[in-house]
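Step one of this worksheet: look at the structure below.
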Amino acid sequence: MRKNDTITVIVPTHYRDNLLKKTLKSISEQTLKPKEVIVVDDTCRQDVFKIVGSFNKENIRFTYVKKKNSGSSPESINLAFQQVKTKYLAIIDDDDRWHKDYLLLCYKKAEETGADFIISSYYEVDEYGNRYEGKQVPEKFILNDWLLYNPGLLCSNMFFK
């Protein structure tokens, strides 16, 4: 199995077309390309369908999934998850972007360590390009702590086996 056949990316979206374009561009520019990107649209608009279709010229399969009712991002992720057939899954929100090596680094770490779940710290960039540290993943992450408070997990910084 080739590395680029091992990753699917899920992108839930809701009325953020311009940001979605930037997110899909960020995915298409990854040094390790995913096999497929599944965009779940809970607005069922033709505009989103066209945006997703415009990326299919890349060497990645971009799939549009229409969610019939507006709802939560986790609901959209669960709908797309049913279609995932690759070894790894990454999730990114429609208003986020990844560093170009994000998928490669997550893949390497998962393969080296055998981890089922990779989380990474993140940073925010304002409209002027200023970079700010987001929540940092604790040195010792305890999954049960996530149930009490969020130690820095966002959809966009999680990678799963």
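Side notes on the structure shown:
- Relative contact order of the stretch 1-127, defined on C-alpha pairs under 8 angstrom at six or more residues apart (%): 35
- The chain shape via C-alpha gyration tensor axes, a/c threshold 1.5: rounded
- Accessible area (Å², 1.4 Å probe, nearest 10) - Lys100: 110
- Taking a ≥ b ≥ c as the square roots of the Cα gyration tensor eigenvalues, the stretch 55-134 comes out oblate, since a/c reaches at least 1.5 and a/b does not exceed b/c.
- Whichever lysines have a C-alpha closer than 19 Å to that of Lys87, once near sequence neighbours (fewer than 8 apart) are set aside: Lys3, Lys33, Lys35, Lys108, Lys109, Lys161
- When the surface is traced with a 1.4 Å probe over the full set of protein chains, Asp93 keeps roughly 40 Å² accessible.
- Full-extension gain in nm, Ala115 to Thr31, via 0.36 nm per residue minus C-alpha separation: 28.1 nm
- Carbon-plus-sulfur accessible fraction, the chain (probe radius 1.4 Å, protein heavy atoms only): 51%.
- Residues with amide H under 5 Å from that of Ile10, placed H, sequence gap 5 or more: Ile38, Ala90, Ile91, Ile92
- Using the 1.4 Å probe convention, the accessible area of the chain works out to 59 Å² per residue with neighbouring protein chains retained.
- Cα gyration tensor, the stretch 29-88 - rounded (a/c under 1.5), prolate or oblate: oblate
- Local net charge near Gln82, Cβ-Cβ under 15 Å (Lys/Arg +1, Asp/Glu -1): +2
The values are calculated or read from the model by the stated rules, or taken from the named source; none is laboratory data. Computed from a predicted structure; not experimentally measured. Note that each Cβ is placed from the backbone with ideal geometry, even for glycine, and that neighbours are counted across all protein chains shown. Only protein heavy atoms, including side chains, enter the accessible area calculation; ligands, DNA and RNA are left aside. Shrake-Rupley method; radii C 1.70, N 1.55, O 1.52, S 1.80 Å.
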